[in-house]
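Where a number appears in this text, it was derived from the coordinates with a stated rule and is not lab data. Since the model is a prediction, treat every value here as computed from it, not as a measurement. Backbone-built Cβ (ideal geometry, glycine too); neighbour counts: all protein chains shown.
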Amino acid sequence: MAKALDRPRTCARRLSSRRDFITAAGAWAFSVFSKNMLGDVGHPVQEKTARTAGTNSGKPKRRPRPNVLFIAVDDLRPCFGTYGGSALAPNLDRLASESRVFTRHYVQSAVCGPSRCSLLTGKRVNSWDCWGSQRKLNAGPLYPVSFAHLFRRNGYRTVCIGKISHLPGGVMDTEQKIHQVPFSWDLSYAPAGPWRTPWRAFFSYDKAQAYNKVIRMEKDEPRLPYESADVPDAGYADGLNAQEAIRQLRDLKTRGGPFLLAVGFYKPHLPFNAPKRYWDFYQRQEIPLARNAQPPRNVDPAISLHNSFEVTTHYHWPSGPGQISEEEALTLRHGYFACVSYVDAQIGKVLDELKRLELDQNTVVVLWSDHGWHLGEHGMFGKQTNFEVATRSPLFIKVPGIAQPGLRTHSLVETVDLYPTLAELCRLPPPNDLAGTSLVPLIRDPKHSGKEHAFSFHGRGPLMGRAIRTNRHRLVYWTNKAGEAVQVELYDHRNDPGENVNVAADHPETARKLIRQLRKFPMQ
Ligand SMILES: [Ca+2]
């Protein structure tokens, strides 16, 4: 399938390539004359690739640019060992021990599409698909439309598997010919196996079935939002994603040039379908329920909360919309943890292959999730809130040769920081209007002071909620369509890490100060 997708270059692609060549030539000069931008972060070993083999012995060798393996995990909250959680994810923990671990990484929106638009563009984008007009262009714009575009126009081979932008496979059509993020990928696709299309693979059930009420799945029968079939790893789609990532790594190794391989795994996104053996890692009664299952005090639930609609309305749910019994809550938590262990095993296979191919010595590895997930906190199951549990997600960055691997940084960082970070690590010139700042100083020194604020946003009906997180506080500022404030939430993490009491009325000066800060960072 991948070969078929590597379609003949169109006229538009030729024009794009010409411009890309000009940009690449500039970047070449930039790399030759720039100093070691990695500093003590890492010194990737010399590889005899096609780009370095011809270097004269009398001249200093040009360090090859590092490769990037970007791993996205859908809906993964920091619930495993690295973050003190009880989900079993030994491969993630191993990667963390070799990486800089970010304990306070905040996404820009706790929902798939906008979070991924913000990741790829490096801006605070409130859109599920921010590339519609760019897809209509006949030639690539001078301004890169994503960090993958920047890499591609600078000589990287860029490959996207699974879910990196919102649409599985990064494609708009079931034939997988139209890329959602234009100009950015040499290949972008999802292995669909018996499920036939990327969306059906994304919502894969056993026996080639698929189900989601919102994204209609032909004639499939209604199904619960979880399943534990006794099948091998490839019995659900993430097993195929891992197989395909391994196949691409081998191909990229053979080709020899620098690469950006982005692999977007689907789990633990609903439905919580994982092979039975991963469910068997856990005893259901030993997975505790959330301790703060009540709404926070002093908030209007109609504004701040939702009724777990994704679980209880997108699938067959016998208890009815918004109704989750304690037994069902335990099952959902069990299913989520099983999916975490399942996706962890798939990621482990990819990391093992990276090492077997000896590509790990010159490859930056990023592990990122697009947001967290409520597992009963404040009475909710799902994402799409402005609380800590939905906006904080795992982030590791492994740089070859990193000093003090495994050390954590507790500085505030944001998803929009990844674009400038990857550009700096790979010595590529980023656009000058990105919203984030490079994390390389924190990779060098985990005690380095990070930014003072992190921002998130997510709406509810006609209302928009915007959140600012500081070292101590979270403030959520809700406005109506006229821009008028309808609710202000303030949580003091020094006393209330579970965000159980809104203290905005008790601390109006703090609230006003944070609202002023919030207004300085508009979303797009
Ligand atoms: Ca997601």
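Restricting things to Cα coordinates, could you compute the convex hull volume per residue of the range 58-166 in Å³?
164
How do the peptides 308-316, 246-254 rank, highest first, by the average count of neighbouring beta carbon atoms within 10 Å per residue?
308-316, 246-254
Among Leu240, Asn212, Pro268, whose Cα lies farthest out toward the positive end of the dipole of the range 198-334, if unit charges sit on the beta carbon of Lys, Arg (+1) and Asp, Glu (-1)?
Leu240
Per 0.36 nm of contour for each residue apart, how much would the distance between Ser97 and Glu327 grow if the chain were fully extended, relative to their Cα-Cα spacing?
The span from Ser97 to Glu327 would gain 79.2 nm if fully extended.
If you average the sequence gap of Cα pairs under 8 Å that are 6 or more apart and divide by the length of the range 268-392, what percent do you get for the contact order?
Once divided by the residue count of the range 268-392, the mean separation gives 38 percent.
Calculated FRET efficiency, Ala302 and Leu357, Cβ-Cβ r, R0 51 Å, to nearest 0.05?
Efficiency, from the Cβ-Cβ distance: 0.45.
Convex hull over the alpha-carbon atoms of the range 315-420: what's its volume per residue in Å³?
That works out to 152 Å³ per residue.
If a/c stays under 1.5 just call it rounded; otherwise compare a/b with b/c (prolate if a/b is bigger, oblate if not). Do that for the range 462-524, with a ≥ b ≥ c from the square roots of the Cα gyration tensor eigenvalues. Provide the component values of the computation, followed by the final result.
Working: a/c = 1.86, a/b = 1.60, b/c = 1.16.
Since a/c reaches 1.5 and a/b is larger than b/c, the shape of the range 462-524 is classed as prolate.
Quick one: plug the Kirkwood hydrodynamic radius of the chain (C-alpha pairs) into Stokes-Einstein at 4 °C, 1.567 mPa s, and report D in µm²/s.
Answer from the Stokes-Einstein relation: 55 µm²/s.
Normalise the Cα radius of gyration of the range 284-332 by 2.2 N^0.38 Å (N = residues in it) and let me know the number.
Values: Rg = 12.4 Å, N = 49, 2.2 N^0.38 = 9.7 Å.
Here the answer is 1.28, to two decimals.
Kindly work out what percent of the DSSP beta bridges joining two residues of the chain are antiparallel, to the nearest 5.
50
Cut-off under 16 Å on the C-alpha distance; same-chain residues fewer than 8 positions from Lys513 excluded. Which aspartates and glutamates are left, in chain and number order?
Here the aspartates and glutamates satisfying the reach criterion relative to Lys513 are Glu452, Glu489, Asp492.
At 25 °C and 0.890 mPa s, grab the translational diffusion coefficient of the range 237-319 from Stokes-Einstein with a Kirkwood Rh over Cα pairs, rounded to a whole number in µm² per second. The partial results should precede the final answer.
Working: Rh = 17.5 Å.
In µm²/s, the coefficient is 140.
Where the centroid of each part is defined by its Cα atoms, how far is the range 324-343 from the range 77-124 in Å?
19
Send over the semi-axes of the range 86-225's equivalent ellipsoid, whole angstrom and largest first, taken as the square roots of 5 times the C-alpha gyration tensor eigenvalues. Write down the numbers at each step before the final one.
Working: eigenvalues 141, 108, 47 Å².
In descending order the semi-axes read 27, 23, 15 Å.
Label the range 376-509 by shape, choosing from rounded, prolate and oblate, from the square roots a ≥ b ≥ c of the eigenvalues of the Cα gyration tensor; if a/c is under 1.5 it is rounded, and otherwise prolate applies when a/b is larger than b/c, oblate when it is not.
prolate
So, with +1 on the Cβ of K and R and -1 on the Cβ of D and E, and no other charges, what is the size of the charge dipole of the range 164-266 about its Cα centre, to the nearest 20 debye?
Rounded to the nearest 20 debye, it is 220 debye.
Take the range 154-246, compute every pairwise Cα distance, and split them into 10 Å bins from 0; I just need the percent in each bin.
The calculated distribution, bin by bin, is 17, 46, 29, 8, 1.
Report the rotationally averaged projected area of the range 371-443 based on its alpha-carbon convex hull, in square nanometres.
6.3
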